[in-house]
Amino acid sequence: MGGTLTVDSAQGRGSTFTVIIPESPGDAAAFAPRAEETRPAYPPGVRVLVVYDNDINLTVAAGLLVEIFGIACDLAHSGPEALEMVTRRDYALVFMDQMMPEMDGVETARRIRAMGGKYADLTIVALTANAVKGTREQLLAAGISDYLTKPIEVSEMDAILRRWIPR
């Protein structure tokens, strides 16, 4: 790329790495999003619940939803907390970690569905690191609407949101 990389290192003092990449003006239009890359605007008031027993993963998922997709979200740290929260507020979608202590995502989804009425049709998307063959079918059979593999890819979350939240 026509740049340089230099290293200044001294034992006990540390190292400094410097990278210089020459930049030249480019065509800004080449970097404009294509029509298929633009994100839909969701209706005002759309809210999502994210259920995760890990604070870092909650922060990442919430950051994506709020900052990239403009969707408000609430956070739950466990299955029992999620059960309580879905009865207090209407959610367009619930992202649910599959593997949680106390009550896993599948059991939490089963209990939400068992409440009947609007809860029977609530969109519940499993967040799972399990991407082996048959996982999707297992989750769907257990009452999960869809699933998203971890780590979360923005494009995959975008596809899930487009599929399940009306615009």
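The values are calculated or read from the model by the stated rules, or taken from the named source; none is laboratory data. Keep in mind that this is a model prediction, so the values were computed, not measured. Virtual Cβ from ideal backbone geometry, glycine too; neighbours counted across all protein chains shown. Calculation scope for accessible area: heavy atoms of the full protein, side chains included, ligands and nucleic acids excluded. Shrake-Rupley method; radii C 1.70, N 1.55, O 1.52, S 1.80 Å.
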Subject >> Leu93, Leu5, Leu75, reordered so the largest accessible area comes first (probe 1.4 Å) >> reply: Leu5, Leu75, Leu93
**OP:** Please report, to one decimal in angstroms, the Kirkwood hydrodynamic radius of the chain built from all distinct Cα-Cα pairs.
**Re:** 18.4 Å
Original post:
If you stretched the chain out fully between Ala41 and Ala129, how much longer would it get, using 0.36 nm times the residue separation minus the C-alpha to C-alpha distance?
Top reply: 28.8 nm
Original post:
Most mobile of Gly117, Gly70, Gly79 per a Gaussian network model of the chain (Cα springs, under 10 Å)?
Top reply: Gly117
**OP:** Show the residues, 5+ positions off or on another chain, whose built amide H is closer than 5 Å to the amide H of Asp74.
**Re:** Val48, Leu49, Val50
Original post:
For region 52-120, what log10 I(q)/I(0) values come out of the Debye formula at q = 0.20, 0.27 1/Å, with one point per alpha carbon and no solvent?
Top reply: -0.83, -1.29
Original post:
Mind checking the alpha-carbon convex hull of region 80-167 and giving the volume per residue in Å³?
Top reply: 99 Å³
Original post:
Summing -39500 (n - 2.57) over the DSSP H runs of n ≥ 4 in the chain and dividing by its residue number, what mean residue ellipticity at 222 nm do you reach, to the nearest 500 deg cm²/dmol?
Top reply: -8000 deg cm²/dmol
Original post:
Taking the simple approach of a point 7 Å from Cα along Cα-to-Cβ for both Gln11 and Ala159, what is their distance in nm?
Top reply: 5.3 nm
